[in-house]
Protein chains: 2
Amino acid sequence: MKIYIDTPFQAPVKAMLHAGTKGDELVFKDEIEDESVQLNALLYADILFGNPLPVERLQQATNLKWVQLASTGFEYYSGIKTPALVTNLNDYYAQPCAETVVAGIMSLYRGIDRFSVLKNEAHWVGYPMRAGLQLLKHKKVIILGSGNIARQVAKILSGFDCGITFFARTAPDAILRTPEQLVGALPKADIVIACLPGTTQTKGLFTTAMIQNMKESALFCNIGRGNLLEDEGALVDALMNKKIGGAVLDVTATEPLPREHALWKCPNTILSQHTGGGNITEQEGIALFFLDNLSSFKKGYALKNVIQLEKGY
Amino acid sequence: MKIYIDTPFQAPVKAMLHAGTKGDELVFKDEIEDESVQLNALLYADILFGNPLPVERLQQATNLKWVQLASTGFEYYSGIKTPALVTNLNDYYAQPCAETVVAGIMSLYRGIDRFSVLKNEAHWVGYPMRAGLQLLKHKKVIILGSGNIARQVAKILSGFDCGITFFARTAPDAILRTPEQLVGALPKADIVIACLPGTTQTKGLFTTAMIQNMKESALFCNIGRGNLLEDEGALVDALMNKKIGGAVLDVTATEPLPREHALWKCPNTILSQHTGGGNITEQEGIALFFLDNLSSFKKGYALKNVIQLEKGY
């Protein structure tokens, strides 16, 4: 088989992939300098591993039988057609994303963000910091979404006896199902955690009215997609004027966040720079998943995480 | 009753105490400038609320019938004698302490300490940070101690499916009971969390040999007492030379940590400046606990959290 690998893997991971694909022809995009040679290799490939850009590349590669995306989300391929079977990473990033957003929340509550800056300055404040700390225990949390990240967040929060309410259109245990119900529930929430994928239905879903309905101490957290907010400026305004308690943002409308962006200056805000899915063994894990699916593909078995590219999620 | 209040409470908490002690004579130490007048008020008091310093003050006040300490630990009163009944705050600080140490661990694993410093500099790094991140899920944790903090830490970690081993002399579920057993178990631990009180038995309990037995990626965390380490310099050495993965220290041998102290410069280290017990409602909570015990005291009922001062814990 001709396998085209679009993701720039580190050398040890490449070695893993070589070892696991003996007899196949492996082409790594990042080992080819010339763009037309890259495209040619893609056009002749049977299998694609990775997320080619621009997205039209995927549509051009009509020889592909199977595409293993190296991501969970794939909304940017919406409208792209391919005859290939397409698989994604499904819940691969759920645990790291859940841990990042809870780490951010706990940092705000226990002052770790401030202590990290103080450490940098060798500056001891000590006792007076205590009055600014809070507990995660028993907090009332609204989780937007009911997918893998949402479930992992809920599992972690169970260790803190949080009261959790899901907002989701169809999940059986979601009490909040409409934007109107969400608006009504927000004034009582201590924490809102958005774990929604990027779709046409989630774009701008969290409105300025919703931000304004949050209580003064509440935290807004987003581990999903940056376009969830109707107006990111309204969040900046709420943070700058202490209309809400703080924010944990793994994603923002613009990434990388420009140096002059107002979010850098917002108090009580954690910016985790779209690393929520990160993990020291992230690349090895993705490669192992591919090799496992490859083995199924060769045997004609069902692949894991088959998606419909046009569905958007 | 004459009640002497040693703890410097904020005005709203003082108002709470006044409201809850109608008919009693309340004296707040921080409202008296003259030290001899302060001492006199203490000597005539029936009830003391707070932790007088120097510790000999407690021994001088022989008229006291009841002392409510505003702390959990009381090792610094060791050797002090008083005819009064003494109560402490027992598990009052367990949840905040447990949350602080887990917040520190999660920050190191998910990079929140680094993102906090980067935010301060409006500096986006993004994707390359991912390879430095880790997961708390499934980590092997040794918890030193089996008291209230240790139990709360274990409860929180249950949400991450961590493998937990307790080190404690007598707790029924502690597998590690001797320093030798601890030394033997350390090479397999991802995280060591010290939740031990300050006693003659815990002083210097964590030896340099133990630090040296920890694995390269392991975290050392201390939410107990700063004198647990046989040699804090050995920890500094391990951190500076990347012999261990990092540290979360709420307590240190010297507090406040002097500006020139080597710990400020140690990489992958969270210094939470002895705020582990902190909480926005900390003072109100302590005052409510006192008022509740006061009501029992007046009725002749048993008090909560009676301790033996001489036992040291």
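The figures follow:
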| item | result |
| --- | --- |
| Filtered residues of segment B:125-147 (kept if among the charged types (D, E, K, R) and more than 9 Å from every other protein chain (Cβ to nearest Cβ)) | B:Lys139, B:Lys140 |
| Filtered residues of segment B:255-293 (kept if touching a Ser or Thr at 6+ places or on another chain (Cβ under 7 Å), outside any strand (DSSP E or B) and either modelled with pLDDT under 95 or among the aliphatic types (A, V, I, L, M) (or both)) | B:Leu263 |
| Which listed residue is more than 21 Å from the chain's Cα centre (by Cα), crowded, with 20+ Cβ neighbours inside 10 Å and either at pLDDT 95 or above or of a type in the set (S, T, N, Q) (or both), from B:Gly111, B:Gly184, B:Gly163 | B:Gly111 |
| Qualifying residue in segment B:170-177 (condition: in contact with a helix residue (DSSP H, G or I) (Cβ under 9 Å, 6 or more places away or on another chain), surrounded by fewer than 22 Cβ atoms within 10 Å (Cβ to Cβ) and at pLDDT below 95) | yes |
| Residue within segment A:224-243 that is at negative phi, of a type in the set (Val, Ile, Thr) and not in a helix (DSSP H, G or I) present | no |
| Hey, A:Ile193 more than 14 Å from chain B (Cβ to nearest Cβ), part of a strand (DSSP E or B), under 19 Å from B:Ala103 (Cα atoms) and in contact with a Cys (Cβ under 8 Å, 6 or more places away or on another chain) or not | yes |
| Flag if A:Ile142 is farther than 30 Å from A:Phe290 by Cα, in a strand (DSSP E or B) and either modelled with pLDDT of 95 or more or assigned by TED's automatic domain parsing to the domain that holds A:Leu303 (or both) | yes |
| Condition met for A:Arg225 (out of contact with any helix residue (DSSP H, G or I) (no Cβ under 7 Å at 6 or more places or on another chain), under 18 Å from A:Thr100 (Cα atoms) and not small (Gly, Ala, Ser)) | yes |
| Odd one out for A:Ala122 among (1) within 7 Å of chain B (Cβ to nearest Cβ); (2) under 24 Å from the mean Cα position of the chain (by Cα); (3) outside any helix (DSSP H, G or I) | (2) |
| Residues within segment B:54-96 that are more than 30 Å from B:Phe160 (Cα to Cα), more than 14 Å from every other protein chain (Cβ to nearest Cβ) and not in a helix (DSSP H, G or I), tallied | 23 |
| Selected residue (criterion: surrounded by the fewest Cβ atoms within 10 Å (Cβ to Cβ)) from residues of segment B:60-81 that are at pLDDT 95 or above and over 22 Å from the mean Cα position of the chain (by Cα) | B:Thr62 |
| Check on A:Asp237, in contact with a helix residue (DSSP H, G or I) (Cβ under 6 Å, 6 or more places away or on another chain), more than 12 Å from chain B (Cβ to nearest Cβ) and free of Cβ contacts under 8 Å to residues at least 40 places away in the same chain | no |
| Odd one out for A:Thr254, checked against (1) over 16 Å from the mean Cα position of the chain (by Cα); (2) of a type outside the set (Phe, Trp, Tyr); (3) exposed (fewer than 14 other Cβ atoms within 10 Å of the Cβ) | (1) |
| Inter-residue pairs, beta-carbon under 6 Å, first more than 7 Å from chain B (Cβ to nearest Cβ) and in segment A:268-281, second part of a loop (DSSP other than H, G, I, E, B) and of a type outside the set (A, V, I, L, M), 6+ apart | A:Gly276/A:Asp250 |
| Segment B:1-53: number of residues that are part of a helix (DSSP H, G or I) and either of a type in the set (A, V, I, L, M, F, W, C) or in contact with a Leu (Cβ under 9 Å, 6 or more places away or on another chain) (or both) | 14 |
| Single condition B:Glu260 does not satisfy, out of (1) surrounded by 14 or more Cβ atoms within 10 Å (Cβ to Cβ); (2) farther than 25 Å from B:Thr199 by Cβ; (3) within 14 Å of chain A (Cβ to nearest Cβ); (4) not polar (S, T, N, Q) | (1) |
| Those residues of segment B:97-119 which are more than 7 Å from every other protein chain (Cβ to nearest Cβ) and among the basic types (Lys, Arg), in sequence order | B:Arg114 |
| Residue within segment B:148-157 that is of a type in the set (S, T, N, Q), within 14 Å of chain A (Cβ to nearest Cβ) and either assigned to a loop (DSSP other than H, G, I, E, B) or within 30 Å of A:Leu263 (Cα to Cα) (or both) present | no |
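The values are calculated or read from the model by the stated rules, or taken from the named source; none is laboratory data. The structure displayed is predicted, hence computed values, not measured ones. We place every Cβ from the backbone using ideal geometry, glycine too, and count neighbours over all the protein chains shown.
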